[in-house]
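Here the structure is laid out as structure tokens; the discussion comes afterwards.
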């Protein structure tokens, strides 16, 4: 099996994983914007701004790395396909629930689980390739999105308790 071992180079599999994570960052940003009122009332405006800033940072890091590695076309092709799927899934799930904190948090929990999963794959690839820049991106994504997922699941737990007692 071929593994890209050269620093700055990556194989198609790894480039596609970057494209998938790029799609998650873009659709996450769009989702936060579309559900702005609910997310700000749930997390607070400062937290939402911080999440969006981190998503933009991740997006920029991926673009920069893919460009330097000569894989930008592969990354962007996979990004487009994955973003389209994510938007369809999100819109099917949320439907008319854009004003419901429960609906948006349920979706966002599912969504964040997806980016954690993809970031884990990317982290494994980065370790195998001994690619420190790629590993840095994967590590940052994993840490940030695990923390965000933990916050979402905590809120959902509280909502479940509240709904059960009313």
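Contact map, the range 99-114: residues that are free of Cβ contacts under 8 Å to residues at least 60 places away in the same chain paired with residues that are outside any helix (DSSP H, G or I), Cβ distance under 7 Å, separation 6+ or inter-chain. Pairs shown: 103/97.
For the range 125-156, the set of residues classified as closer than 11 Å to residue 17 by Cα and surrounded by fewer than 18 Cβ atoms within 10 Å (Cβ to Cβ) is empty. Regarding the range 35-51, can at least one residue be identified that is surrounded by 15 or more Cβ atoms within 10 Å (Cβ to Cβ) and over 21 Å from residue 150 (Cα atoms)? Within the range 35-51 (the criterion being surrounded by 15 or more Cβ atoms within 10 Å (Cβ to Cβ) and over 21 Å from residue 150 (Cα atoms)), the answer is no, since none of the residues qualifies.
Report yes if residue 107 is modelled with pLDDT of 95 or more, closer than 20 Å to residue 155 by Cβ and under 16 Å from the mean Cα position of the chain (by Cα), otherwise no. Spelling it out, residue 107 is indeed modelled with pLDDT of 95 or more, closer than 20 Å to residue 155 by Cβ and under 16 Å from the mean Cα position of the chain (by Cα). When you scan the range 45-61, do you find a residue that is in contact (Cβ under 8 Å) with a residue 60 or more places away in the chain and under 19 Å from residue 124 (Cα atoms), even just one? The answer is yes; a qualifying residue exists. Which condition breaks for residue 84 when tested against (1) under 15 Å from the mean Cα position of the chain (by Cα); (2) surrounded by 14 or more Cβ atoms within 10 Å (Cβ to Cβ); (3) over 25 Å from residue 157 (Cα atoms)? (2) is the only condition that residue 84 fails. Residues that are outside any helix (DSSP H, G or I), touching a residue at least 24 places away in the same chain (Cβ under 8 Å) and touching a helix residue (DSSP H, G or I) at 6+ places or on another chain (Cβ under 6 Å) within the range 62-98 comprise just one, 71.
Could you tell me whether any residue of the range 7-27 is more than 18 Å from residue 123 (Cα to Cα), in a helix (DSSP H, G or I) and under 15 Å from the mean Cα position of the chain (by Cα)?
Taking the range 7-27 as the starting set, the residues that turn out to be more than 18 Å from residue 123 (Cα to Cα) are 26-27.
From what is left, the residues that are in a helix (DSSP H, G or I) are 26-27.
Of the ones still in play, those that are also under 15 Å from the mean Cα position of the chain (by Cα) are 26-27.
Scanning the range 7-27, I find at least one residue that is more than 18 Å from residue 123 (Cα to Cα), in a helix (DSSP H, G or I) and under 15 Å from the mean Cα position of the chain (by Cα), so the answer is yes.
The values are calculated or read from the model by the stated rules, or taken from the named source; none is laboratory data. A quick note: this is a predicted structure, and the numbers were derived from the prediction, not measured. Virtual Cβ from ideal backbone geometry, glycine too; neighbours counted across all protein chains shown.
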